[in-house]
There are 2 protein chains.
Amino acid sequence: MPDTPPRTVFFISDGTGITAETLGHSLLAQFPEANCRQVRIPFVDDLDKAIDCASQVREAARQDGVRPIVFSTLVNPETVAGLRQADALFIDLFEQFIGPLETELGQRSTHAVGRFHGIADSNGYMARIEAINFAMAHDDGISSDGELAEADVILVGVSRSGKTPTSLYLAVQFGVKAANYPLIPEDFERNKLPGELHRYRSKLFGLTIAPERLAQIRQERRPDSRYASLENCRYEIDAAQKLMRRENIRWLESTAKSIEEISATILQAVRLNKPGY
Amino acid sequence: MPDTPPRTVFFISDGTGITAETLGHSLLAQFPEANCRQVRIPFVDDLDKAIDCASQVREAARQDGVRPIVFSTLVNPETVAGLRQADALFIDLFEQFIGPLETELGQRSTHAVGRFHGIADSNGYMARIEAINFAMAHDDGISSDGELAEADVILVGVSRSGKTPTSLYLAVQFGVKAANYPLIPEDFERNKLPGELHRYRSKLFGLTIAPERLAQIRQERRPDSRYASLENCRYEIDAAQKLMRRENIRWLESTAKSIEEISATILQAVRLNKPGY
C-alpha cells in the first residue's frame, strides 16, 4: 500500500458528475501511488448546494490534514463562486476550455447546466436505448431468422470469451447494435459457422482468449467440469481460431484487454464512427 | 439546421479515446449551434501514428476551409509534438492539468499511455464485468430464491418504465449489481410486492413514467394492444405509484431523464459511492 497520507478527491457537477469523474479518473490514473478517497456529488445546481459542497470540502481538508482535489464541471458562475469558498486544488473543465472554444467557434456558450448527460429525447439517446434492448435480445445466439440484418456488428467466440460484456458496452457507450453468437464444439465438428452467420460476414468480429485465462473463468462458473478443463479450453480456442481464419473473420485476443479497449478496437476495425457518450 | 460551416472535431488518444470524447462532448454540448463532424482516432501510441493524425487534421482543414478542433489525451511528449505539426485548436487534458496535479501531490506522473480505460485485471474491472453478468442474469424478475441478496439495488416499476437500460448502465458505468423486477397487474390486485422483494426493502428503488410516454413506448412494441392503450398505462402507473407509496419505496419519474441522470440519482439515494468508469 502507498504510505502517502489519504487525500479526498471530489467530483462535483451540476449534472450527473460522470464527465467530472471521467476527467478525474483519467488524470489520477497517472498517479498510481496516490492514496485517494473519492466522493461524487451530482446535481449541484444552485448556490445553496454549492455552499454545502464547500463545507464538505473544508471538512475533508480538516480530517485529511491536506486540502482536497476537486474535479468540477459547474457551468453557472455563481455556483462556481460558492464552491470556491473552500480551499482546494480546483480542476475545472469549463473554466479552462470554454473560453478558447468560444473564440474558435465565434459563439458564446449557452452556460446551460447538465447538458451533456441530460439529453433524453434526442435521436442519439433513443438509438442507444434501442441498442441496449437489441444487445439484450440478441445475446448468446438468440436470434430469429433475418433479425441479425439489423445488427451493426456480430461478435463470435467460444463461451466466456468476453462477448456479452463487450456487446453491452458497445450499446451503452456507443449506441452500436451488437449481437453475439457462441462458437460451440458442434460448430467445430461441422467446420461451419452456426446459424445464418455466413450471410453477415462483413459484420462478424471474433474474440479469442488465452486458454489458461478461459479455464480460470469457466472454473468459477462450473468447477471441475470438462467444460472448464484446460485441455478442453485449449481445444475450443484452437478450433475457433482455425474456423475464424478459414472464414476470414477478423478477431482480437481479449485476454489482457478491457471492454473499453476491445470496443474501441472493434469500432475501428468495422469502421463504425458512432459517437460515444 | 445551423447554417455555420461544418467543422471537423477530432478525439485523439493513445488509449481508447473514450476520455477525450467524453471531455469533448461535454464541452461541445455548450455550443448546440455548432455544426461538427466528429472523428475518433484511438490507439495513437507512436510517432508515426501521430504524424498520420496530423495529416488527417490538415486534410480536414482543407476540406472544411476552417481549422479543426482536436480534443486529445496523448501522454507521450514526442507523440504530442507529432500531432501538433498540424494547425488546430488543441484542447489537451494532460497538458493543462498534469502539472498542477504533480505539484499538489508532490509526485511525478507516470506518463504511461492508455492507463485509465486499459486496466483489465484490477479488482474494480472484474467487479464491473461481474455486475454486467449479474444485471443480465437478473433482468425482468429472473431471480431464484436468495439471489437478490447479492444485489446492490433492485429496480421496480411497470413494464417499459426504463428498468433494463438503467440496470445495465449502473453495471457498465459503476460496477453496481442491479437487478430489476416488473410490477404487473397481478401485483396490484394482490396489493403486494412480488416475489421476495419485501425481504430487500432497503435496496428497492422505483421508476415511474408519464402514462402518455409509456403508451407511446409500448405502442412501438405491441401496436394497438390493450397493453399499450393509454387507459391501461394510466391504470398501471397509478396502481404502481400507490403500491410504492404504501410500501415506502423511493422512486423517480424517468420520463424526461437520461439513464445517466437516473443512475446518478439512484446512487445518491441509496448512498452507493461506487467509482465510475
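Since every read-out is calculated from the coordinates, none of them should be taken as a lab result. The structure presented is a predicted model; accordingly, all values stated were derived computationally and were not measured. Neighbour counts are summed over all protein chains in view; Cβ atoms, including those assigned to glycine, are modelled from backbone coordinates with ideal geometry.
Compute the FRET efficiency between residue A:140 and residue B:95 as 1/(1 + (r/R0)^6), taking r as their Cβ-Cβ distance and R0 = 30 Å, and round to the nearest 0.05.
Details: r = 44 Å, r/R0 = 1.47.
The value I calculate is 0.10.
Shielding of A:103-109 by partners, i.e. mean partner chain Cβ atoms within 10 Å per residue?
6
Where does chain A land at 222 nm, in deg cm²/dmol rounded to the nearest 500, when only DSSP H runs of n ≥ 4 count, each adding -39500 (n - 2.57), divided by all residues? Walk me through the numbers before you get to the answer.
Values: 10 runs with 121 residues, N = 277.
Using -39500 (n - 2.57) per qualifying helix, the result is -13500 deg cm²/dmol.
Along Cα-to-Cβ, 7 Å out, sits the label point; list in nm, shortest first, how far the one on residue B:270 is from those in the other copies.
Here the equivalent label points are 3.1 nm apart from this one.
Relative contact order for chain B using alpha-carbon pairs under 8 Å, separation at least 6, rounded to a whole percent?
Relative contact order of chain B: 14 percent.
When a/c reaches 1.5 or more, the comparison of a/b and b/c decides; with that in mind, is the range A:123-269 rounded, prolate or oblate per its Cα gyration tensor?
Because a/c hits 1.5 or more and a/b exceeds b/c, the range A:123-269 counts as prolate.
In the structure shown, do any of A:163/A:242; A:163/B:274; A:163/A:274; B:192/B:257 have a Cα-Cα gap over 23 Å, and if so which?
Exceeds cut-off: A:163/B:274; B:192/B:257.
Give me the distance in nm between label points sitting 7 Å out from Cα along the Cα-to-Cβ direction at residue A:149 and residue A:62, one decimal.
6.7
Return the distance in nm (one decimal) between the two label points of a simple spin-label model at residue B:123 and residue A:231, each offset 7 Å from Cα along Cα→Cβ.
Here the answer is 3.6 nm between the modelled labels.
What net charge is computed for the residues neighbouring residue B:179, neighbours being all others with C-beta under 10 Å from the C-beta of residue B:179, Lys and Arg scored +1, Asp and Glu -1?
Here the count lands on -2.
Go ahead and set up a Gaussian network model of chain B, Cα springs under 10 Å, then flag whichever of B:143, B:225, B:72 fluctuates most.
B:225
Taking the label point 7 Å from Cα in the Cβ direction, how far apart in nm is residue A:130 from each other copy of itself, listed shortest first?
Here the equivalent label points are 3.6 nm apart from this one.
Which aspartates and glutamates have a Cα less than 12 Å from the Cα of residue A:203, not counting those fewer than 8 places away in the same chain?
In chain and number order, the partners are A:150, A:152.
With a ≥ b ≥ c taken as the square roots of the eigenvalues of the C-alpha gyration tensor of the protein assembly as shown, please select rounded if a/c is under 1.5 and otherwise prolate if a/b is larger than b/c or oblate if it is not?
Values: a/c = 1.44, a/b = 1.11, b/c = 1.29.
Taking the square roots of the gyration eigenvalues as a ≥ b ≥ c, the protein assembly as shown is rounded.
At what distance in angstrom do the alpha carbon centres of the range B:1-64 and the range A:200-277 lie from each other?
Using only Cα atoms, the two centres lie 30 Å from each other.
Shortest first and in nm to one decimal, what separations exist between residue B:107 and its copies in the other chains, measuring from label points 7 Å along the Cα-to-beta-carbon line?
Relative to the other copies, residue B:107 has label-point distances of 4.0 nm.
Taking the Cβ of residue B:106 as the center, what net charge do the other residues with Cβ under 12 Å away carry, scoring Lys and Arg +1 and Asp and Glu -1?
Details: positive: A:7, B:108; negative: A:33, B:102, B:104.
After counting each charged neighbour, the total is -1.
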